[in-house]
Amino acid sequence: MVATDVKRVQVSLAEFRDLARNQLRKATAEKDEGSKLFGEGLAEEAEKKYVECLVMIDAAKSVEALKRGDFADLRGKMEALELVCHLNLAACALSCGRFEQALEESRIALSMDGRSSKALYRAGKALLGMSKFAEAAEVLGEASGLSPGDRNVATLLAKAKRSAREVSKTQRASYGGMFSKSAYVLRRTREEEQEQAARVAERREVEGKLKDCMQSGADLGILDRWVSGGTASLDDKERLALVRVAQRAAASGRLDSAREREIVAKNGIGISGSVDEEEGCAGSAAAREAAIEQEQLLRVQALTAKLQEGGALSSEEAEFLQAFRRDEIERLERQLAGAGLGEQDRMVLEGLRAQEKRYRARATELESRSDEVESLLKRLESGRRIPVRQRLRMDELLSEERVRLEAKDDDQGLTSVEWKLLRQIQEHQEKKKKDEQARRDRLEQSRQTLGGGVG
C-alpha cells in the first residue's frame, strides 16, 4: 500500500499506477493543446498549457512510489514529456522575443538531455537574439555536430558566425592595415631592441670599474639591474645610490676616460658638476621613455596578432591601440616636418592617416542613425499598440544598434550624443528584462496554484 498526495488516502500500487497513468494522459492532453495553440500563433496561451503540463508531472513525480523500479516505464514517459515542455517553452519565449527566458528553458532541457540538438539550437537562437554571437556560434556548432543534416541549424550557425566576424571585423578595420601586417611594428621593435643592446654593451664597459667601488651586496643588485635594464629598472633612491658609486669610482681614478664618464652620464648616473647631473637626469628620462616605448611596441604586436587570429579586443585594449595609432601619426608628422621621412615611413604615415579617415567616416555614419533610433525608442515606450511582428523587428533593430554602439565604444569611444543613445537603449532593454521577470514570476505563481489544485 502507498500513501499518495493526490487523494490523501491509502491505495495499492496497482491503483497508484492507474492514477499515475491518468495523470500522464491529462498532462499529455495539456501539452497537445499547447502545441495546437502555438501552431495557431498563440504563443502566450500555449505557454500556459505547457506550464500546466509541467505542474501535473511535478505532482505525480513527487510521490515516492514513482521512484520504484517497477514504475520506471511511467517515470521515463513523464521525463520525456517534461523535456518536450521545456523545449516548447523555449520556442514560445523565442517567438515573443524573450531571449533570456528562452535560454533558461533550453538550459533546463539540456540538463535533462545533454545531446538534444533541438535544445542546443534554441539556446543558440536565444544567444543570437541577445547579440552574444560568439557564444551562439559555439552552441550552434555543437548542434550541427549532432544534426549535421539540419538546414535550420546550418543556416543559423552561418548567421551567428557572420555576425561574430562582423564584430571582430570592425576592430580589425580600425587597427588593421600596417599594424595587422606587423611589418611596421616588427621593424620598430627590432630598432628598439638593437638600441637597447647597444646601451647594454656600453654599460658593460664600465660595470667592472663600478663593481670595484661597491660597499654592499645591495649595491651589486642595483648595478646588475642597471646594466641589463638601465635606470628605467631603478627607482629614484636606487639611482642616487648608483650615482654615489660612480662618484667614488671617479674619485679613485677608475673612471678616468672621457668615454667612460660619457657612458655613465648618458645612462642616467652623471657623476660630477651640474652638466653631468643634467645629462644624467636626461639619460634617465630617455631610458625610461625607451623602456615604455619598447613595452608598448611589444603589446601592439601581441594585440595585432590577436586580431589576425580572429579574437576580439577588450575596451581597454581597443583604447590602447587607438591611442597608439594617433601617437604614431603625430610622431611621424613631426618627423616629416623636421628631418623628413624615408619612403617606407612615408607609406606607413599614409596608411595610418587612411585608417583614421575610415574610422571617422564610420563614426559619422553611426551618428546619423541616432535620430532614427531615438524615434524608435519613443514609439516603443509610448504605450501605443504595435503589431507583434513589427515590435519584434523593432527590438531586433535596437539590439543591432546596441551592438554597433558598444563596438564603437570599444574601438574609439562614443560622443556625448551616442552615449545618451546607448544609455537609452540599455535602459529600455533593462526595463523589458524586468517586465519579463515579472511575467515569469506570475507564471510561477500560476504554476504553484495549479500544483496546489492537483495535489
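The values are calculated or read from the model by the stated rules, or taken from the named source; none is laboratory data. Model, not experiment: these values are computed from the prediction. Glycine gets a Cβ as well: all are built from the backbone with ideal geometry, and neighbour counts include every protein chain shown.
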Do we have residue 398 as crowded, with 16+ Cβ neighbours inside 10 Å, at pLDDT 75 or above and of a type outside the set (S, T, N, Q) here?
yes
If I ask for residues that are among the small types (Gly, Ala, Ser) and touching an Asp or Glu at 6+ places or on another chain (Cβ under 7 Å), which ones from the stretch 60-87 would you list?
62
Take the residues in the stretch 75-111 that are buried (at least 19 other Cβ atoms within 10 Å of the Cβ) and of a type in the set (Asp, Glu); name whichever of them is nearest to residue 25 (Cα to Cα).
82
When both residues are 6+ apart or on different chains and their Cβ atoms are under 9 Å apart, which pairs have a first residue that lies in the stretch 8-32 and is in a strand (DSSP E or B), and a second that is of a type in the set (Val, Ile, Thr) and modelled with pLDDT under 70?
10/2; 10/4; 11/2; 11/4
For the stretch 201-241, enumerate the residues that are without any contact (Cβ under 8 Å) to a residue 60 or more places away in the chain and among the acidic types (Asp, Glu).
205, 207, 212, 219, 224, 235, 236, 238
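Conditions tested, residue by residue: (1) modelled with pLDDT under 75; (2) within 25 Å of the chain's Cα centre (by Cα); (3) within 27 Å of residue 104 (Cβ to Cβ).
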| position | (1), (2), (3) |
| --- | --- |
| 347 | no, no, no |
| 352 | no, no, no |
| 384 | yes, no, no |
| 388 | yes, no, yes |
| 435 | no, no, yes |
| 448 | yes, no, yes |
| 451 | yes, no, yes |
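Every residue, every condition in (1) polar (S, T, N, Q); (2) touching a helix residue (DSSP H, G or I) at 6+ places or on another chain (Cβ under 9 Å); (3) at pLDDT 85 or above; (4) over 17 Å from residue 443 (Cα atoms), yes or no:
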{"residue": "52", "(1), (2), (3), (4)": "no, yes, yes, no"}
{"residue": "65", "(1), (2), (3), (4)": "no, yes, no, yes"}
{"residue": "70", "(1), (2), (3), (4)": "no, yes, no, yes"}
{"residue": "77", "(1), (2), (3), (4)": "no, yes, yes, yes"}
{"residue": "98", "(1), (2), (3), (4)": "no, yes, yes, no"}
{"residue": "118", "(1), (2), (3), (4)": "no, yes, yes, yes"}
Note on the stretch 226-253: residues of a type in the set (Asp, Glu) and either within 13 Å of residue 215 (Cα to Cα) or outside the structural domain of residue 207 (by TED's automatic domain parsing) (or both) are none
Can you name every one of the helices (runs of 4 or more DSSP H) wholly within the stretch 50-160 that holds 1 or more residues which are in contact (Cβ under 8 Å) with a residue 12 or more places away in the chain and in contact with a Cys (Cβ under 7 Å, 6 or more places away or on another chain)?
72-95
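One line per residue, one yes/no per condition, for (1) touching a residue at least 24 places away in the same chain (Cβ under 8 Å); (2) in a loop (DSSP other than H, G, I, E, B); (3) outside the structural domain of residue 134 (by TED's automatic domain parsing):
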site	(1), (2), (3)
321	yes, no, yes
327	no, no, yes
334	no, no, yes
339	no, yes, yes
345	no, no, yes
348	yes, no, yes
351	yes, no, yes
355	yes, no, yes
